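S.K.: A single structure is presented below for examination.
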Amino acid sequence: MKTLLNNILMCGILWTFAFSELRAANNIESIAERFINEAPVLIHIGKRDTLRFVKEGGVFVARRGDFEATVKVEQLTSVAGKRWIISFRNKGNQPIDSINIIPLYQIVGINDKMVDQPTVRWFSGSIWRDAQYPPIAFVEHEKRFLTNNNCASWGEGGIGTFEPVLEISSLSSREYIPALQFSLRSGEKKVGCTVLFEWSSTWKASATWMHITDDSPPSASDFLLKASYGLTNISLEPYESLEVPPVHVLYSCGADWNVFTNDIHKYILTEIAPSLKGAPSALPVSYDHWFGIGEKIDEELLKREADKAAEIGCEYFCVDAGWSVPIWGSAVIDSTKFPRGLGGLADYVRSKGMRFGLWNSLESGRTDFWKPDIQQFHTEKMEEWVKDLGVEWIRLEGGGYPSGKNALMAHKAMHEEIYGKFIRNHPGFYIEGCQGGGTRLDLNMIRTTHGTWISDHTGAPDVTRYYQTGALRIFPARFLNMAVETFKPTADSSANGHYILSRMAAVLSFDGDIAQWSDEATKRARKYVDIYKETREYKEQPVFFPFPQPRNDSDWDAVVYGDGTGKAQLLFVYRMEGEEEQFIKIPDAPGKWELLIDNGGARIKKEKSGYRIALNRNSSALWIRKVKR
């Protein structure tokens, strides 16, 4: 073990494998055994008093006077990996101040000859209304660390101190997705981990060498992955206890990042995502009016939209912002728009075969919703909507971002006291996260929601497609909803194959004034919705990305669902500019590809080691291959 660990009295994950050991490892189990041998956190009181953890039974414990911290490390069941939960308490009758918690402190052993060159991958978050191409949101970033020699700027401490080589920070998924991936190359395989944060507030993550040389030649150095939740200078009242949401580390080994992606999806769908019993699907088709109509609504207008939504096959009809007064943070129905309340509209929606949904902004702007009276009001109001209106869907417009100790209490309130308890009592009820469009998408939200509205930009089809295929590299398809928006001046144009396919790589929905669609446009939309419903079950399969994420409009984009072991595979392909044809490799399986949707000119041809695909400019296509046994 590195003497550095003892010198600074910390507890971190220590990966002690060398490159030669990785090369010899032939399965994920043998690799994962090397990853954890200590409590994977760092806690200190004040600026210098760093606590040492010791193992007691099945947990790690650190004590200082009346302060006690425990770290419980659990083995994941669906994939290789660990998660750990930090709890701490004050056992005395005096307050304890200046508690600082770093929930992720991982040290990676790099071999002495610098053969191991770490690679770190991360993703930008859901920046609002990003309408350029390629977008800022959901972009994959990757950095390979070649040497620890002269590779960092001077830190604030002057000579001898260095800034981290890579540092990112965000509010949940606003600026960056709360995940960090690390890998080393072992022959033809990537070996490494994905770190996922179950946290809906401020976080910061960094990746850097433990030792950075200046004038001397490169030397051996460990590598550090570190993350904090803004839990600094926490105070504990007498006999108070708190718990930090888990950090999740998934270990992966395979040819490329696709393996890491599918391990994440499997873990989320198996161990994190809530069940949805009795609902039409985990990937439903929904309608709301916001993008195209906005807040200028009333009962008769929405009934006309409901007629069309039912005609094209929508399963949920959601009344978005504009039903309450004031719009934000209120549950008072606007009587000027709905003089008879919302009950008549809800009954009408159900008479059309759809489920009734409501936009909920009771959290909006609040950072105090851990308080018992706030929790009670929120819970009672949702129960009232269920009882009086038969609501079966809520679009949850999230609240503010509390920080520090308040964030811990807010996390507990959301996960346990409000939404967690609510979905346990109503297992068929669908909650969609929103927060201005995907800016609160993390494992905490995934535990208590069934889907996410991932961006408030719903206009440019190539951008909405990019959002879905980018976010899909971390999150399963069911959490990535994008809508086909419809405004009056361009009504029928939104009901075409490319517009709809650009929202079909994950979850499909419709927005705005679809009531004005012509009969021809309605039939087209219904055709695409039917295909979506017939194929959506296959999006819970492993996913593959035949092309790198596009970096300009000449790069094609594609998603493959299915590794050939299931009943069918789906192939989504998108082209803006660039070459008329592209060659791709797809996980093979017996059966022929059948074209389901295109804009004309789409072709696929089998070649010796893959497929040759042709698309027209600014178009897309969806193929299915039903696997023959």
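S.K.: In the set Ile531, Ile454, which member is closer than 23 Å to Leu362 by Cα and of a type in the set (A, V, I, L, M)?
M.R.: Ile454
S.K.: Six or more apart or on different chains, Cβ under 7 Å: which pairs go from a residue in segment 293-304 that's touching a residue at least 24 places away in the same chain (Cβ under 8 Å) to one that's assigned to a helix (DSSP H, G or I)? Could you list them?
M.R.: Note: pairs meeting the criteria are Glu299/Gly344; Glu299/Leu345; Leu302/Leu345; Lys303/Leu345; Lys303/Tyr348; Arg304/Ala515.
S.K.: Would you please name the residue that is farthest from the chain's Cα centre (by Cα), looking only at residues in segment 49-69 that are crowded, with 20+ Cβ neighbours inside 10 Å and within 30 Å of Phe260 (Cβ to Cβ)?
M.R.: Phe53
S.K.: A further question on this structure: Being in contact (Cβ under 8 Å) with a residue 40 or more places away in the chain, of a type in the set (S, T, N, Q) and surrounded by 18 or more Cβ atoms within 10 Å (Cβ to Cβ) is the filter here; which residues of segment 536-559 pass it?
M.R.: Correct list: Gln549 only.
S.K.: Of everything in segment 447-480, what is aliphatic (A, V, I, L, M) and open to solvent by 10 Å² or more (accessible area, probe 1.4 Å)? Give them in sequence order.
M.R.: Residue satisfying the conditions is Ala460 alone.
S.K.: Here's another thing I want to ask about it. Only one of (1) open to solvent by 30 Å² or more (accessible area, probe 1.4 Å); (2) under 23 Å from the mean Cα position of the chain (by Cα) is not met by Lys352, so which one is it?
M.R.: (2)
S.K.: Another question, then. Go through (1) among the β-branched types (Val, Ile, Thr); (2) surrounded by 17 or more Cβ atoms within 10 Å (Cβ to Cβ); (3) more than 24 Å from Arg625 (Cα to Cα) and name the single condition Thr490 misses.
M.R.: (2)
S.K.: Separate question: Among the residues in segment 361-368, are any farther than 27 Å from Ser509 by Cβ and either open to solvent by less than 60 Å² (accessible area, probe 1.4 Å) or among the acidic types (Asp, Glu) (or both)?
M.R.: Yes, segment 361-368 contains at least one residue that is farther than 27 Å from Ser509 by Cβ and either open to solvent by less than 60 Å² (accessible area, probe 1.4 Å) or among the acidic types (Asp, Glu) (or both).
S.K.: Among the residues of segment 495-520, which ones are over 21 Å from Leu571 (Cβ atoms) and touching a residue at least 12 places away in the same chain (Cβ under 8 Å)? Reasoning before the result, please.
M.R.: Of all residues in segment 495-520, those over 21 Å from Leu571 (Cβ atoms) come to 495, 509-520.
Correct list: Ala495, Ser509, Phe510, Asp511, Gly512, Asp513, Ile514, Ala515, Gln516, Trp517, Ser518, Glu520.
S.K.: Next question. Quick check on segment 145-155. Is at least one of its residues within 19 Å of Ser455 (Cα to Cα) and at pLDDT below 95?
M.R.: no
S.K.: Return the total of residues in segment 599-625 being within 29 Å of the chain's Cα centre (by Cα) and open to solvent by 20 Å² or more (accessible area, probe 1.4 Å). Break it down into steps so the answer makes sense when it comes.
M.R.: Keep residues of segment 599-625 that are within 29 Å of the chain's Cα centre (by Cα), which gives 618-625.
Still in the running and open to solvent by 20 Å² or more (accessible area, probe 1.4 Å): 618.
So the count comes out to 1.
S.K.: What is the one condition in (1) modelled with pLDDT under 90; (2) open to solvent by 10 Å² or more (accessible area, probe 1.4 Å) that Gly437 does not satisfy?
M.R.: (2)
S.K.: Something else about it: Filter segment 385-414 for residues that are touching a strand residue (DSSP E or B) at 6+ places or on another chain (Cβ under 9 Å), open to solvent by 40 Å² or more (accessible area, probe 1.4 Å) and closer than 30 Å to Arg350 by Cα and give the result.
M.R.: Within segment 385-414, just Glu392 meets the criteria.
S.K.: Something else about it: What helices (runs of 4 or more DSSP H) completely inside segment 396-441 contain at least 2 residues that are closer than 15 Å to Leu242 by Cα and in contact (Cβ under 8 Å) with a residue 24 or more places away in the chain? First the steps, then the outcome.
M.R.: Values: elements: 404-412, 419-425, 435-438.
Answer list for segment 396-441: 404-412.
Results for (1) at pLDDT 95 or above; (2) open to solvent by less than 20 Å² (accessible area, probe 1.4 Å); (3) more than 30 Å from Asn149 (Cα to Cα), shown as yes or no for each residue.
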| residue | (1), (2), (3) |
| --- | --- |
| Ser87 | no, no, yes |
| Asn90 | yes, yes, yes |
| Gln94 | yes, no, yes |
| Asp97 | no, no, yes |
| Phe123 | yes, yes, no |
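S.K.: Oh, and also: Only residues that are at pLDDT 95 or above and aliphatic (A, V, I, L, M): list them for segment 280-292, please.
M.R.: Correct list: Leu283, Val285.
S.K.: Next up: Residues being open to solvent by less than 10 Å² (accessible area, probe 1.4 Å) and of a type in the set (D, E, K, R): count how many of those fall in segment 493-523.
M.R.: 2
S.K.: Follow-up. With respect to the numbered conditions (1) touching a residue at least 24 places away in the same chain (Cβ under 8 Å); (2) open to solvent by 10 Å² or more (accessible area, probe 1.4 Å), which one is the sole condition not fulfilled by Thr336?
M.R.: If we test Thr336 against (1) touching a residue at least 24 places away in the same chain (Cβ under 8 Å); (2) open to solvent by 10 Å² or more (accessible area, probe 1.4 Å), just (1) comes out false.
S.K.: Could you check, for segment 367-386, whether at least one of its residues is at pLDDT 95 or above, in a helix (DSSP H, G or I) and of a type in the set (A, V, I, L, M, F, W, C)?
M.R.: yes
The values are calculated or read from the model by the stated rules, or taken from the named source; none is laboratory data. What you see is a predicted model; the values in this text were computed from it and never measured. Note: ideal-geometry Cβ built from the backbone for every residue, glycine included; neighbour counts use all protein chains shown. With ligands, DNA and RNA removed, areas are computed over all heavy atoms of the protein, side chains included. Shrake-Rupley method; radii C 1.70, N 1.55, O 1.52, S 1.80 Å.
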